[in-house]
Amino acid sequence: DELASALARGGPAMPMAALHRSGPLHWWDQAFGGCWLLSRHAEVEAALRDPRLSVARVAGWGELARQAGLAQPSADASPRFQRLLARALLFVDDPDHQRLRPLMQAGFHPAALQALRPAIEARLDRLLSALPAKGPFDAIAALARPLPAGVIGSMLGVPEAELARFAAGAGDLADLLATLDPQPALLRRAQRRLLILAGLFEPLIAARRAAQHAPAQPPHDLIDRLLAAEAAGLLPHADELLAQAVMLLFAGHETTRHLLGSLLQTVLATPGLWARLRAEPEAVPRVVREVLRLHSPVQYTVRRVAQGHERAGQWMARGQLLVLMIGAANRDPDRHADPDRFDPDRAAPGALAFGSGPHVCLGAALTLLEAELLLRELLRRWPRLALAEAQADWLPSPLYRGLGRLLLNRD
Ligand code: HEM
């Protein structure tokens, strides 16, 4: 029906209000071979925190690949492909999640982020200096894409010269995750690209591992910490460290890019806001949060029913998938007055853009830091920054909300 195809098209066509009107729970048969969809804030938040729901959904892709005849026992490609995704923090339940999360969190604690700040500022400065002196520029290609890619790349120890190759691999993975109905060709491509990405990381990690045997060094970055954890027996499974590196590259990359683009577009499309923020830069964090609510870069996440139960009057059978519509929950009229309106003065507590519960985004503070530094620096440099075209170029993706390009003028 109309609702279902609007959902699958995504982007600006996302039918948030229609979803809210038609109740808390929907059966969506065009996605993942049929799944439940939740769209209200209260229901989505409760589901994100519900231990009867599992995040381990990658196994389904392995099954699909097998059915499609993609598994290649000789090359052993499929099992590794599956493992590299399935062992990542994002896709593991307790007790593995409880073991992994603190190890990863150490790389994102406030002191670690403050230590990153000068490097982010320097990177931003390089990107801005590299812009052509005159004429409009595409803020997605010039800023929103390379800034987060460079930041996460340097956190993972990827050399600058290799960044583009790593980033391309992350993009392919994002395409797979955004697919509602994975077809064999896409799976095959994603499988190949993921193995290539892992192959790029392997020598980097091997070199670090060798260096760890040198006289005791305190761990100084995330990979060092993970290697120390591995040496202490805390990462016992094959490819477990590699799976985290691949996931972080992809998680730190696509999502923040979309936020930075939507942020600039939304602020510049609001009359008077640029001048106001120049005078009142302390309002920047609130504006970033409001853009996260309105244009949630990750529109949904998925859970699998691990334990059958009733929800909103329906029986959720073990094995069924639930799509949790974060983007719609963040526009729930029961939660946010006039939810489709951008309101820079809105206090938007509890917005779900970064998820909620045990899997809440590990990179939230890093993303907010990048967004704030970018916006403040542009406000400082260019009092007359303006949109060069009126129409926003929203991507046609059901999973990611963001812009394909964003042309801006400096004067
Ligand atoms: C988890 C959104 C940036 C790393 C999540 C989740 C969401 C999310 C919704 C929860 C998924 C679920 O429950 O199924 C976002 C958005 C971002 C962003 C909107 C930017 C605007 C980042 C960055 C990093 C990152 C920059 C890392 C550098 C992670 C990790 C998890 C996660 C590791 C999994 C945590 C866990 O499973 O315990 N993110 N994210 N994210 N995010 Fe982010």
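Table for the structure above
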quantity: For the chain: Kirkwood Rh in Å [reciprocal of mean 1/r, alpha carbons]; calculated: 22.3
quantity: Fraction of the pair-distance distribution of segment 121-277 above 21 Å, Cα-Cα pairs, percent; calculated: 56
quantity: Environment charge of Leu385, counting only residues whose C-beta is closer than 15 Å and scoring Lys/Arg +1, Asp/Glu -1; calculated: +4
quantity: Among 135-146, 326-337, 241-252, the order from most to least packed when residues are scored by Cβ within 10 Å on average; calculated: 241-252, 326-337, 135-146
quantity: Distance (nanometres) between label positions extended 7 Å along Cα→Cβ at Arg188 and Arg405; calculated: 3.2
quantity: Gain on full stretching of the segment that runs from Ala111 to Arg286 - 0.36 nm per residue minus C-alpha separation; calculated: 60.8 nm
quantity: Amide proton proximity set for Val298, modelled H, under 5 Å, gap of 5+; calculated: Arg401
quantity: 222 nm mean residue ellipticity, helices alone, for the chain (DSSP H n ≥ 4; -39,500 (n - 2.57); rounded to 500); calculated: -15000 deg cm²/dmol
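Where a number appears in this text, it was derived from the coordinates with a stated rule and is not lab data. Computed from a predicted model, the values in this text were never measured in an experiment. Methodologically, a virtual Cβ is constructed for each residue, glycine included, from the backbone with ideal geometry; neighbour enumeration extends over all protein chains shown.
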